[in-house]
1. Loosely packed, with under 10 Cβ neighbours inside 10 Å, assigned to a helix (DSSP H, G or I) and at pLDDT 90 or above: is that true of Ala87 in this structure?
2. Do we find a residue being surrounded by 10 or more Cβ atoms within 10 Å (Cβ to Cβ) and over 30 Å from Lys118 (Cβ atoms) anywhere in the stretch 57-72?
3. Name the one entry in Ala53, Ala31, Ala36 that is small (Gly, Ala, Ser) and in a loop (DSSP other than H, G, I, E, B).
4. Is it true that some residue in the stretch 4-17 is farther than 30 Å from Lys118 by Cβ, of a type outside the set (Val, Ile, Thr) and either under 38 Å from the mean Cα position of the chain (by Cα) or assigned to a loop (DSSP other than H, G, I, E, B) (or both)?
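The values are calculated or read from the model by the stated rules, or taken from the named source; none is laboratory data. Model, not experiment: these values are computed from the prediction. Heads up, the Cβs are rebuilt from the backbone with ideal geometry, glycines too, and the neighbour counts pull from every protein chain shown.
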Amino acid sequence: MNFLRNVNPVGAIADFRTVFEQAGSNRWRFAALALACTVGVFSVMQGESWKKARPKPEITYITSWPEHRTDAETQAFIAENQRRKEAQAERIRVYEQTGQDLWMSLGRATGVDVDKIKAEADADKAKTESSARAKAEALIEGSGKPPVAK
């Protein structure tokens with residue numbers, strides 16, 4: 001498996017000398033041309049950089065509103081956006097309710113007490129919402145007080 005034992009630099013040098021002597025009177029011209037080509041390729045490669053130039057940042061300005069918009073246009077946009085949000089929330093609620101009804105009917109068909117599970121889930125949800133509401137109120141009440149000087 002050791003392929004280096006077959007490599008003989010002495011033989012390679014002797015072969016090069018034989019070919020160089022057989023080239024005749026033009027051997028120095030060919031040697032100079034080969035050297036020039038090699039130096040040229042390596043000099044071009046040296047000038048190249050592997051680093052890509054950093055692109056300049058593209059600035060995108062917000063142009064969704066005309067400069068001369070009125071407060072009425074702004075309020076109309078906000079109201080329309082709120083209507084879209086509420087419609088989306090309603091579609092999601094209906095989708096989730098349909099899925100819940102399907103799972104409940106499957107549970108009833110397999111003999112699971114889905115009403116008990118739903119009551120427990122609703123109680124957990126109410127408990128989580130009330131604790132979140134209490135935390136929010138505590139934050140709001142705490143932010144209204146002036147800082148205590150020590």
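1. Numbers: loosely packed, with under 10 Cβ neighbours inside 10 Å: no; assigned to a helix (DSSP H, G or I): yes; at pLDDT 90 or above: yes.
No.
2. yes
3. On the way: Ala31 fails: in a loop (DSSP other than H, G, I, E, B); Ala36 fails: in a loop (DSSP other than H, G, I, E, B).
Selected residue: Ala53, the only one of Ala53, Ala31, Ala36 that is small (Gly, Ala, Ser) and in a loop (DSSP other than H, G, I, E, B).
4. Within the stretch 4-17 (the criterion being farther than 30 Å from Lys118 by Cβ, of a type outside the set (Val, Ile, Thr) and either under 38 Å from the mean Cα position of the chain (by Cα) or assigned to a loop (DSSP other than H, G, I, E, B) (or both)), the answer is yes, since at least one residue qualifies.
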